[in-house]
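A short worksheet on the structure shown next.
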Amino acid sequence: MIKPLRKAVLPVAGLGTRFLPATKAIAKEMMPVVDKPLIQYAIEEARAAGIEQFCMVTGRGKTALVEHFDIAFELETTLRERHKTETLALLADTQVEPGSLVTVRQQEPLGLGHAIWCARAFVGDDPFAIMLPDDLVLSETACLRQLADVYRDTGGNVVAVTEVPKEHTNRYGILKIGKDDGKLVEVLGLVEKPAPQVAPSNLSIIGRYVLLPEVIGHLARMERGAGGEVQLTDGMAKLIGEQPFHGLRYEGNRFDCGDKIGFLEAQIAFALKRSDVGPAVRAFLKNYTGM
Ligand code: UTP
């Protein structure tokens with residue numbers, strides 16, 4: 001029997017060094033794209049995939065991430081008294097079911113694999129999604145929904161994948177590919193940040209996963225991989241051959257918002273999509289760049 005997918009782990013304990021000084025006192029995941037923090041995009045995408053329980057793996061200086069999904073009593077009371085109904089409505093999506101959001105602490109950023117292992121009690125014996133909130137995907141169907149659909153069909157592990165330039169394979173987790181129907185690919189191997197000359201393909205994993213709970217046992221061995229960190233990719237690689245494992249070429253555009261350029265591109269792409277700010281941004285770009 002294929003267990004339903006109801007849980008998501010959101011690791012947010014990284015240091016965000018690529019975005020200093022912005023991330024000195026503010027969590028990277030609180031940075032807004034247009035008017036919504038990255039973490040809220042992730043929670044909304046998870047809900048669209050049927051996720052009901054959330055676990056944030058946090059570290060020092062990340063309390064705002066949890067507060068964002070709490071009731072802001074004074075703010076909401078004031079808005080109500082002033083009859084600011086429309087403004088109040090903007091807060092509706094920041095409310096989660098009581099008891100559905102838990103946090104665990106990763107005291108030291110020892111790697112993404114270690115962060116996921118920190119959520120082991122939350123995961124238990126259930127399949128679970130992992131979402132890296134700094135990867136933002138603009139798509140018609142929520143990216144995690146697309147993965148959840150594959151999980152429902154295969155009952156196995158599935159990761160979102162995209163082609164990257166061959167010279168950039170040393171930045172990502174890269175797939176060794178088996179059968180490939182152009183959309184769904186069979187994963188025969190996984191390597192974290194391989195040099196271009198030894199990379200088995202140029203198909204890279206982005207920050208969306210649906211995994212079976214057995215990965216936790218592999219991560220528990222705390223083997224250090226690329227960069228001396230406990231790598232999720234290495235833990236996942238151990239599942240290959242034991243369980244079905246696929247990569248999905250998802251529909252949509254992914255923006256790496258942990259990176260300055262990716263973040264700026266996301267601002268423009270998301271703004272252009274919106275009916276309230278899109279026309280003004282389009283006009284500005286035209287006038288400013290002369291294009
Ligand atoms: P990144 O590779 O983007 O690292 O982590 P980072 O520390 O957030 O940012 P940079 O590279 O220093 O700028 C990918 C994801 O894994 C989480 C991060 O919060 C991010 O969501 N992570 C990473 C952890 O939770 N713990 C870790 O030990 C490492």
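Here are the numbers for the structure shown:
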item: Cβ pairs under 8 Å, 6+ apart, first in the range 221-232 and surrounded by 18 or more Cβ atoms within 10 Å (Cβ to Cβ), second assigned to a loop (DSSP other than H, G, I, E, B) and aliphatic (A, V, I, L, M); result: Val230/Leu110; Val230/Met222
item: Positions within the range 1-52 being assigned to a helix (DSSP H, G or I) and aliphatic (A, V, I, L, M), in sequence order; result: Met30, Leu38, Ile39, Ala42, Ile43, Ala46, Ala48
item: Residue in the range 127-135 that is away from the ligand (no atom under 14 Å from the Cβ), under 17 Å from the mean Cα position of the chain (by Cα), touching a residue at least 40 places away in the same chain (Cβ under 8 Å) and not in a strand (DSSP E or B) present; result: yes
item: Tabulated pairs, the range 142-169, first at positive phi, second open to solvent by 10 Å² or more (accessible area, probe 1.4 Å), C-beta under 7 angstrom, 6+ apart or interchain; result: Gly155/Ile2; Gly155/Pro244
item: Selection status of Lys286, within 13 Å of the ligand (Cβ to nearest atom) and open to solvent by 40 Å² or more (accessible area, probe 1.4 Å); result: no
item: Subset of the range 1-29 (residues that are basic (Lys, Arg) and within 13 Å of the ligand (Cβ to nearest atom)); result: Arg18, Lys24, Lys28
item: Residue within the range 88-95 that is buried (at least 17 other Cβ atoms within 10 Å of the Cβ) and either within 16 Å of the ligand (Cβ to nearest atom) or of a type outside the set (D, E, K, R) (or both) present; result: yes
item: Enumeration of residues in the range 30-63 that are within 12 Å of the ligand (Cβ to nearest atom), open to solvent by less than 30 Å² (accessible area, probe 1.4 Å) and farther than 21 Å from Lys273 by Cα; result: Cys55, Met56, Val57, Thr58, Gly59, Lys62
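The rows are residues; the columns are (1) over 18 Å from Asp180 (Cα atoms); (2) touching a Ser or Thr at 6+ places or on another chain (Cβ under 8 Å); (3) surrounded by fewer than 15 Cβ atoms within 10 Å (Cβ to Cβ).
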| site | (1), (2), (3) |
| --- | --- |
| Asp125 | yes, no, yes |
| Asp135 | yes, no, no |
| Leu138 | yes, no, no |
| Val150 | no, no, no |
| Asp153 | no, no, yes |
| Asn157 | no, no, no |
| Val164 | no, yes, no |
| Thr169 | yes, yes, no |
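The values are calculated or read from the model by the stated rules, or taken from the named source; none is laboratory data. Just so it is clear, the model here is predicted, and its values are computed rather than measured. Reconstructed Cβ throughout: ideal geometry from the backbone, glycine too, with neighbour counts over all protein chains shown. Remember, those area values only see protein heavy atoms, side chains included, never the ligands or the DNA or RNA. Shrake-Rupley method; radii C 1.70, N 1.55, O 1.52, S 1.80 Å.
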